[in-house]
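**Student:** Sharing a structure, written as structure tokens. Questions coming.
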Amino acid sequence: METTTLVAIFISGLLVRFTGYALHTAFGQLSQQLRDPFEEHGD
């Protein structure tokens, strides 16, 4: 394989992993630990 192809696959894999981690953090089990600063201020 060419170097360019390997770099493209590596960067694509990083992007997919980062997106999966972000979705897991936002909607998975970790989301219960997140706080909402807008909810805390209340009117």
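The values are calculated or read from the model by the stated rules, or taken from the named source; none is laboratory data. A quick note: this is a predicted structure, and the numbers were derived from the prediction, not measured.
Residues are listed down the side, and each one gets a yes or a no for (1) at positive phi; (2) of a type outside the set (Asp, Glu); (3) over 17 Å from the mean Cα position of the chain (by Cα):
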site: Glu2; (1), (2), (3): no, no, yes
site: Ser12; (1), (2), (3): no, yes, no
site: Phe18; (1), (2), (3): no, yes, no
site: His24; (1), (2), (3): no, yes, no
site: Phe38; (1), (2), (3): no, yes, yes
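**Student:** Here's a follow-up. Could you count how many residues in the chain are part of a loop (DSSP other than H, G, I, E, B) and modelled with pLDDT under 85?
**Tutor:** Here the count works out to 7.
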